[in-house]
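See below for the structure under consideration.
The values are calculated or read from the model by the stated rules, or taken from the named source; none is laboratory data. What you see is a predicted model, and the numbers here were worked out from it, not measured in a lab. Cβ coordinates were reconstructed from backbone atoms using ideal geometry, including for glycine residues, and neighbour counts include every protein chain displayed.
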Amino acid sequence: MTDAALFAGPALRRLRKREGMTQASMAAALGISPSYLNLIERNQRPLSARVLVQVIERFDFDPRSLREDESIGGVDGLARRLADERFADLGIDRDEVGEFLAAAPQAAAAFSRLFDRGTPEHGKVEDALVESRREIERWRNHFADLDHAAEELADEMRLSRSDIGAALTERLREKHQLSVRILPLDVMPGAIRRLDLHARQLQLSEMLRPSSRNFQIALQIAQLEQRQAIDQLVAGSQLNDAGARQLFERHLTGYFAAAVMMPYGRFLRACDQTGYDLAVLQRRFGASFEQVAHRLTTLQRVGQRGLPFFMARIDRAGQFSKRFSGASSTTILESDASCPLWIAHGAFERRGELCVQSITVNGADAGPKHWFTMARTVAGSGASGDANFVILLGVEAGLAGNLAAARGVALEGARAQEIGMGCARCFRQGCRQRSFPPRGASLHLDRIMRGITPFEFKPLDG
């Protein structure tokens, strides 16, 4: 199905029933044959532009409701939910996800709502962090209005290769009568920033690196100048939890700050010119590795798209503290555990080095399986060395051929490292790194012979 083909049979059928019309009477009203309407309602024919115009004019219909699947993130959003480990043994593939969404979008939306909020039977309520992330993924982490506003502000401040920090500081001083003051660690021992309206100061810790300092100033500008736009996005979200709304607001504020530091058009051109060379992008835009990685997941402007990267932040225990799938269609991040065979874990031992790996994913049935991934350690906010994480970036291997980081790397699927989505969801046989058997598999313990792993099991189709 192409982007231009609009399959909206269930929505049209609901409209017809709401109006109390038969297929024959609606077909007559739309100037088409009943058999053609029947095919449209069964999603065997797309809704043409001419018929769509007739529907809008004759029934005072809002065309946005024909793409109601967007409210749950489309096929990608539904696939990510169905990639949950509770469904790992069902082998649901992407085609089935698409068929479910096309045939029963309301049922898919109901499932998504139940999944996001937790089922009453288990009493599980998704925490604010997960709920906020779902809203970000619904937008594919691209907020066009904020991006355009940030680009205009960057142009107004003439941000290019000049001192970004000086330009941001001057903006804060001239437009908002706020000065920036750097305070020593013993004055701000437990904070990295503080807004002192009495002294008209944005106070920043001396422990912040220049890129983090610039980001915090841009963040303050976002809070002062984009309040209305951000409030509108939060108000229009589907978030019921106050904490989730606050997290979503914080994400949008940070999004604008990063977009000011790395204006869309100029950043994308630099990506194309350098082969997405991360070190060059950091230097050119005065940004940190983590800031650049975040920005790479947002490049989804219509007619001016970047590569569809996913990004995550992981700690030594394999826990994800940040996950952004963007437009990548990945399900790799939809797990509570990560595979120790992934370069993410080895990167902790190679501090500051960009580590790359071509991988295939066992158990990622709802999306692409072959990826080119990059990982590098970063320190947490504040004093150097107080916390350590690895930032992960990934893109489909078929799109990675021109990346600077992929030079000399074998991208053929046959030579890629196979990983899983945590042992509970991985059905890879004979893995020496396995900690426990996959959920849903039947154990097969041989009394005569012992294999290389303590957990031998039968394949799902065995």
* **Residues of region 403-427 classified as out of contact with any strand residue (DSSP E or B) (no Cβ under 9 Å at 6 or more places or on another chain) and farther than 28 Å from residue 296 by Cα, total** => 2
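Can you pull out the residues in region 417-426 that are part of a loop (DSSP other than H, G, I, E, B) and surrounded by fewer than 21 Cβ atoms within 10 Å (Cβ to Cβ)? Even if it seems obvious, please write down each step before you answer.
So the first thing to find is which residues in region 417-426 are part of a loop (DSSP other than H, G, I, E, B), and the list is 421-422, 426.
Within region 417-426, no residue meets the criteria.
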* Asked: Conditions: (1) at pLDDT 95 or above; (2) crowded, with 22+ Cβ neighbours inside 10 Å. Residue 399 meets all but one. Number of the miss?
  -> (2)
* Asked: How do the helices (runs of 4 or more DSSP H) wholly within region 263-317 filter down when requiring 1 or more residues that are farther than 18 Å from residue 210 by Cβ and outside the structural domain of residue 168 (by TED's automatic domain parsing): which remain?
  -> 289-296
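Results for (1) in contact (Cβ under 8 Å) with a residue 12 or more places away in the chain; (2) over 22 Å from the mean Cα position of the chain (by Cα), shown as yes or no for each residue.
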residue	(1), (2)
241	yes, no
244	yes, no
250	no, no
273	no, yes
* Given the structure, is residue 83 within 30 Å of residue 324 (Cα to Cα), under 28 Å from the mean Cα position of the chain (by Cα) and modelled with pLDDT of 75 or more? -> no
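Looking only at region 415-446, which residues are of a type in the set (Phe, Trp, Tyr) and under 19 Å from residue 333 (Cα atoms)?
First pass over region 415-446, keeping only residues of a type in the set (Phe, Trp, Tyr): 427, 436.
Across region 415-446, the qualifying residue is only 427.
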* Considering every residue within region 98-107, establish whether at least one is modelled with pLDDT under 80, buried (at least 19 other Cβ atoms within 10 Å of the Cβ) and closer than 28 Å to residue 310 by Cα. => yes
* Structure fact -> Exactly one of 279, 244, 257 is out of contact with any Pro (no Cβ under 7 Å at 6 or more places or on another chain) and surrounded by fewer than 17 Cβ atoms within 10 Å (Cβ to Cβ), and that one is 279
* Pick from 75, 51: which is surrounded by 14 or more Cβ atoms within 10 Å (Cβ to Cβ), at pLDDT below 80 and either among the polar types (S, T, N, Q) or assigned to a helix (DSSP H, G or I) (or both)? -> 75
* What is the number of the single condition among (1) within 30 Å of residue 265 (Cα to Cα); (2) modelled with pLDDT of 90 or more that residue 206 does not meet? -> (1)
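Looking only at residues in region 428-462 that are in a loop (DSSP other than H, G, I, E, B) and touching a strand residue (DSSP E or B) at 6+ places or on another chain (Cβ under 6 Å), which one is farthest from residue 346 (Cα to Cα)?
444
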* Could you please let me know if residue 145 is in contact with a helix residue (DSSP H, G or I) (Cβ under 9 Å, 6 or more places away or on another chain) and in contact (Cβ under 8 Å) with a residue 40 or more places away in the chain? => yes
* To do: Give the residue that is modelled with the highest pLDDT, with candidates limited to residues of region 357-372 that are buried (at least 19 other Cβ atoms within 10 Å of the Cβ) and β-branched (Val, Ile, Thr).
  => 359
* Asked: Given region 145-242, what helices (runs of 4 or more DSSP H) lie entirely inside it while holding 1 or more residues that are among the charged types (D, E, K, R) and closer than 20 Å to residue 294 by Cα?
  -> 210-225
* Structure fact -> Condition set free of Cβ contacts under 8 Å to residues at least 40 places away in the same chain and under 20 Å from the mean Cα position of the chain (by Cα), scope region 221-239, selection surrounded by the fewest Cβ atoms within 10 Å (Cβ to Cβ): answer is 236
